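Presented below is the structure to which this report refers.
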Amino acid sequence: MASAAAPASFSLASPAARRAMASAAAAAAVKFRRAGLAAVCLPARSLGSASLCAGADRCLPIHAPSRCWSASSAGREARAAATTAKKSVGDLAAADLEGKRVLVRADLNVPLDDRQNITDDTRVRAAVPTIKHLTSNGAKVILTSHLGRPKGFTPKLSLAPLVPRLSELLGIQVQKADDVIGPEVEKLVSALPNGSILLLENVRFYKEEEKNDPEFAKRLASLADLYVNDAFGTAHRAHASTEGVTKFLKPSVAGFLLQKELDYLVGAVSNPKRPFAAIVGGSKVSSKIGVIESLLAKCDILLLGGGMIFTFYKAQGLAVGASLVEDDKLELAASLLAKAKEKGVSLLLPTDVVIADKFAPDASSQVVPASAIPDGWMGLDIGPDSISAFSSALETTQTVIWNGPMGVFEFEKFAAGTEAIAKKLAELSGKGVTTIIGGGDSVAAVEKVGVAEAMSHISTGGGSSLELLEGKELPGVVALDKA
Ligand SMILES: Nc1ncnc2c1ncn2[C@@H]1O[C@H](COP(=O)(O)OP(=O)(O)OP(=O)(O)O)[C@@H](O)[C@H]1O
Ligand SMILES: O=C(O)[C@H](O)COP(=O)(O)O
């Protein structure tokens, strides 16, 4: 194994970034530059919190009990309609599993605190149904995952802290290997009894993983008889354990979590119950162009919030004061507005905003019409009239997908818009509307309000869910056997 190396670089979507943000915020508050604004960065990001839903044969975590997924439900129809229809672990007969060594790729990339405690176990809970299904059918599970972005062997990114929680959730003691491949691992695998689980060490300790090295993939694959990919959060990476191993293991199938993510983020979005509304927020329009364009082709109503709205306002000739604006995206914003019109999509921009005199939790604030933002003030949330207009528009829908907060919800003063939307979606969910939270900060917002359990689906993916919503194919999915 290679030796420890340089510090990893972070993307905002990764737990590594969350960990970095959390510890920095705990120390005090971290100033960072985001598109010209000095922001106080809080550890707001986390992923879902719903509990396992007892009783359903293939029930998955992170969704409302009333929407337990089953083989005969609408999910299957939606999946069949999706271009990503893949063979599932549920399609394998018990005889295909009994006594077989199954390599399961999960995404156990969870946030850990300084004492190596898991601070959000959503991804661990989400991995349980597939593993339980395999062990209860007598398979020998060889579990593999990454944690963070190590450069070589990095003890603090060992998967060891995952063992107690996994064992507790699975109801059996999970064994852990100190390596990913090699004679020691092979020995442990050959001694596995039916129905047992061996967790391999962090697969990214080998640089060959991210390089999708065929020799490494072959050695990893040689540990098993078949492959199950349940790592939705990493399905946008063409790595050895997500893509390379499929060339050496047949069958290579989707786990229940991966399947449910596809059912919702592809199936329900491509073939929605209508009217279908998309809510897109977040900081910048530039990071959501692909998502907006893709959703414009599918939705009936598009609600825009967050920092990106000011680029749209400016494109319409409004003054935006000191709000976040991407001047090089004004034409793009105008063309997106024109495209919505052309496609007959009802696009709503907030009509009023909560403005602040500085980018800080203790800023002075006031509500003004979108057309009356004074010089020196910046919009940090959508206003009450907009909340009410957005809520009325959502009342008419049957499917809603949400990606990106309506304002700077990390600051209490500017969290009302995001929280109101979260509550509205929870209410609609209770009335049978399909509500999908597409990963990222909107998940943290839904969690903060305590309505995560009410939603139809909360994605465990950050980058992967954005790529799916942009209409991209994910290499980890493409590589699996067709349904
Ligand atoms: N009006 C605003 N001005 C500046 N920043 C804002 C504004 N509204 C929201 N934000 C910030 O946008 C950030 C979220 O943006 P981002 O584009 O990362 O969202 P996301 O899509 O939920 O995340 P991800 O990219 O992981 O999917 C939040 O930290 C929030 O504070
Ligand atoms: O947290 C994530 O988004 C996934 O685990 C993928 O991690 P990565 O961005 O380091 O590939």
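Evaluate the following for residue 219: is it in a helix (DSSP H, G or I), in contact with a Pro (Cβ under 8 Å, 6 or more places away or on another chain) and within 14 Å of residue 144 (Cβ to Cβ)? First the steps, then the outcome.
Numbers: in a helix (DSSP H, G or I): yes; in contact with a Pro (Cβ under 8 Å, 6 or more places away or on another chain): no; within 14 Å of residue 144 (Cβ to Cβ): yes.
Against the criterion (in a helix (DSSP H, G or I), in contact with a Pro (Cβ under 8 Å, 6 or more places away or on another chain) and within 14 Å of residue 144 (Cβ to Cβ)), residue 219 does not qualify.
Within the range 287-303, being among the aliphatic types (A, V, I, L, M) and either within 11 Å of ligand 1 (Cβ to nearest atom) or at positive phi (or both) holds for one residue alone: 291. Only residues that are open to solvent by 30 Å² or more (accessible area, probe 1.4 Å), of a type in the set (D, E, K, R) and closer than 30 Å to residue 296 by Cα were counted across the range 347-368, and they come to 0. Taken over the range 385-403, the criterion of being farther than 20 Å from residue 315 by Cα, surrounded by 15 or more Cβ atoms within 10 Å (Cβ to Cβ) and not hydrophobic (A, V, I, L, M, F, W, C) is satisfied by 385, 391, 397, 398, 399, 403.
From the list 147, 170, pick out the single residue that is over 19 Å from residue 102 (Cβ atoms) and aliphatic (A, V, I, L, M). Even if it seems obvious, please write down each step before you answer.
Details: 170 fails: over 19 Å from residue 102 (Cβ atoms).
Selected residue: 147, the only one of 147, 170 that is over 19 Å from residue 102 (Cβ atoms) and aliphatic (A, V, I, L, M).
Taken over the range 448-465, the criterion of being open to solvent by 10 Å² or more (accessible area, probe 1.4 Å), more than 16 Å from ligand 2 (Cβ to nearest atom), in a helix (DSSP H, G or I) and not basic (Lys, Arg) is satisfied by 449, 453, 454.
When you go through (1) open to solvent by 20 Å² or more (accessible area, probe 1.4 Å); (2) under 22 Å from residue 230 (Cβ atoms) one by one for residue 372, which number turns out not to apply? Of (1) open to solvent by 20 Å² or more (accessible area, probe 1.4 Å); (2) under 22 Å from residue 230 (Cβ atoms), only one is false for residue 372: (2).
For the range 340-369, give me each residue that is without any contact (Cβ under 8 Å) to a residue 40 or more places away in the chain and assigned to a helix (DSSP H, G or I). 341, 342 - these are the residues of the range 340-369 that are without any contact (Cβ under 8 Å) to a residue 40 or more places away in the chain and assigned to a helix (DSSP H, G or I).
Specify the residue that is nearest to ligand 2 (Cβ to nearest atom); the eligible residues are those in the range 466-483 that are of a type in the set (A, V, I, L, M), more than 13 Å from residue 404 (Cα to Cα) and not in a loop (DSSP other than H, G, I, E, B).
First, pick out the residues of the range 466-483 that are of a type in the set (A, V, I, L, M): 466, 468-469, 474, 477-480, 483.
Right, trim to more than 13 Å from residue 404 (Cα to Cα) and you get 468, 474, 477-480, 483.
Imposing the further condition that a residue be not in a loop (DSSP other than H, G, I, E, B) reduces the set to 468, 477-478.
Numbers: 468: 13, 477: 14, 478: 17 Å.
Of everything passing the filter in the range 466-483, 468 is nearest to ligand 2 (Cβ to nearest atom).
Residues that are closer than 15 Å to residue 312 by Cβ and not in a loop (DSSP other than H, G, I, E, B) within the range 370-379 comprise just one, 379.
Being in a helix (DSSP H, G or I), open to solvent by less than 10 Å² (accessible area, probe 1.4 Å) and not β-branched (Val, Ile, Thr) is the filter here; which residues of the range 198-215 pass it? So that I can check it myself, show each step before the final result.
To start, the set of residues in the range 198-215 that are in a helix (DSSP H, G or I) comprises 203-205, 207-210, 214-215.
Filter again for open to solvent by less than 10 Å² (accessible area, probe 1.4 Å), leaving 203, 205, 209.
Hits for the range 198-215 are 205, 209.
Restricting attention to the range 408-430, the residues being touching a residue at least 40 places away in the same chain (Cβ under 8 Å), open to solvent by less than 10 Å² (accessible area, probe 1.4 Å) and part of a loop (DSSP other than H, G, I, E, B) number 2. Can you tell me which residue within the range 318-339, out of those that are assigned to a helix (DSSP H, G or I) and small (Gly, Ala, Ser), is farthest from ligand 1 (Cβ to nearest atom)? Among them, the one singled out is 338. Selection of first residues in the range 461-483 that are in contact (Cβ under 8 Å) with a residue 40 or more places away in the chain and among the aliphatic types (A, V, I, L, M) and of second residues that are open to solvent by 40 Å² or more (accessible area, probe 1.4 Å) and assigned to a loop (DSSP other than H, G, I, E, B), restricted to Cβ pairs under 7 Å at least 6 apart or on distinct chains, gives the following pairs, ordered by first then second residue: 480/87; 483/87.
The values are calculated or read from the model by the stated rules, or taken from the named source; none is laboratory data. Only a predicted model underlies this, so the values are computations on that prediction, with no experimental measurement involved. Heads up, the Cβs are rebuilt from the backbone with ideal geometry, glycines too, and the neighbour counts pull from every protein chain shown. Please note that ligands, DNA and RNA were not included when accessible areas were found on the heavy atoms of the full protein model with its side chains. Shrake-Rupley method; radii C 1.70, N 1.55, O 1.52, S 1.80 Å.
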